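One structure is given here, and the rest of the page talks about it.
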Amino acid sequence: MPKRPSVQTTAAPLIPESPTYDKLRDAAAGCRACPLWETATRTVFGEPVGRPHGGPRVMLVGEQPGDQEDREGRPFVGPSGRLLDEALEAAGIDRSQVYVTNTVKHFKWKGEEGGRRLHAKPTTTEIRACLPWLAAELRVFRPDVLVCLGATAAQALLGKDFRVTRQRGEPVDSDWARIVVATVHPSSILRAPDPEARERQLDAFIDDLRAVARLIHGLGASGEGAHASP
Ligand code: URA
Ligand code: SF4
């Protein structure tokens, strides 16, 4: 019997040599390293690449693109993204300064409701398959400040024992960046059971981002011009 080709379960062989942002994004567009590409529309890679005002590099990592991100091909442009923008603004962080990406680059979903496809949680195998893209983004972008949004990003980058509920908003020791912080995912706030809970959770999220803003400002001029643009 002919041997079946082995199933590729990691994106690692697809990472270009001497990667740049453009090379990574182009290579990721054709990734089929795990089954998630089959039911999604496209790879949603991190962006933006420029920092029009200079300053420290800040990277925010979510879980995976949602329904709208999958349609538009851009991270955090749907309801979670709007809430994130609102919270970043309230915390005094300029979104144009921030590189936003996801742990998993294809949208995973399970059925539809009201014309929207419903998010499904990526498995450990899918997260592991996709992680080489995020690791390469981190190598290319070299953030001074890395913010994990929610447990998927935090556990993928900081270990499976990391608990956002216990360690949110506190700097964590990690080699990924000078300053690494985890907080909740904005979609958890959208799922709050009532308006009061939502407001409380949003305030706590903004507080965590304010702490990040203080850390960013603390880096101040030392981050400025410390790296060439990717
Ligand atoms: N949730 C995420 O984690 N990432 C997105 O890009 C959108 C929603
Ligand atoms: Fe590749 Fe990640 Fe998409 Fe899986 S989710 S096909 S590993 S880009």
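The values are calculated or read from the model by the stated rules, or taken from the named source; none is laboratory data. Just so we're clear, the structure is a prediction, and the values are computed from it rather than from any experiment. Quick reminder, even Gly has a Cβ in these numbers, built from the backbone with ideal geometry, and neighbours come from all protein chains shown. All accessible areas refer to the heavy atoms of the entire protein, side chains included, with ligands and DNA or RNA removed. Shrake-Rupley method; radii C 1.70, N 1.55, O 1.52, S 1.80 Å.
Worth a mention:
- The residues on offer are ARG117, ARG168, ARG178, and the sole one that is within 20 Å of GLU72 (Cα to Cα) and buried (at least 16 other Cβ atoms within 10 Å of the Cβ) is ARG117.
- Checking each residue in segment 10-25 for being assigned to a helix (DSSP H, G or I) and loosely packed, with under 13 Cβ neighbours inside 10 Å picks out PRO13, ASP22.
- Selection of segment 146-167 for residues being away from ligand 1 (no atom under 16 Å from the Cβ) and under 14 Å from VAL212 (Cα atoms) yields only GLN167.
- Within the option set GLY30, GLY111, being surrounded by fewer than 17 Cβ atoms within 10 Å (Cβ to Cβ) and in contact with a helix residue (DSSP H, G or I) (Cβ under 9 Å, 6 or more places away or on another chain) holds for one residue only, GLY30.
- Some residue of segment 169-181 being within 16 Å of ligand 2 (Cβ to nearest atom) and either modelled with pLDDT of 95 or more or under 18 Å from the mean Cα position of the chain (by Cα) (or both): no
- Scoring PHE76 on the criteria (1) closer than 23 Å to ILE15 by Cα; (2) open to solvent by 10 Å² or more (accessible area, probe 1.4 Å); (3) more than 16 Å from ligand 2 (Cβ to nearest atom) leaves a single failure, condition (1).
- Unique match (being in contact (Cβ under 8 Å) with a residue 24 or more places away in the chain, within 15 Å of ligand 1 (Cβ to nearest atom) and farther than 23 Å from ALA211 by Cα) among VAL61, VAL104, VAL49: VAL104
- Of everything listed in (1) within 12 Å of the chain's Cα centre (by Cα); (2) open to solvent by 10 Å² or more (accessible area, probe 1.4 Å), the single unmet condition for GLY46 is (2).
- Test for VAL147: is it assigned to a helix (DSSP H, G or I), touching a helix residue (DSSP H, G or I) at 6+ places or on another chain (Cβ under 8 Å), more than 16 Å from ligand 2 (Cβ to nearest atom) and among the aliphatic types (A, V, I, L, M): no
- Subset tally (residues that are aromatic (Phe, Trp, Tyr) and within 10 Å of ASP67 (Cα to Cα)) for segment 99-131: 2
- Subset of segment 28-68 [among the polar types (S, T, N, Q) and more than 11 Å from ligand 2 (Cβ to nearest atom)]: THR41, GLN68
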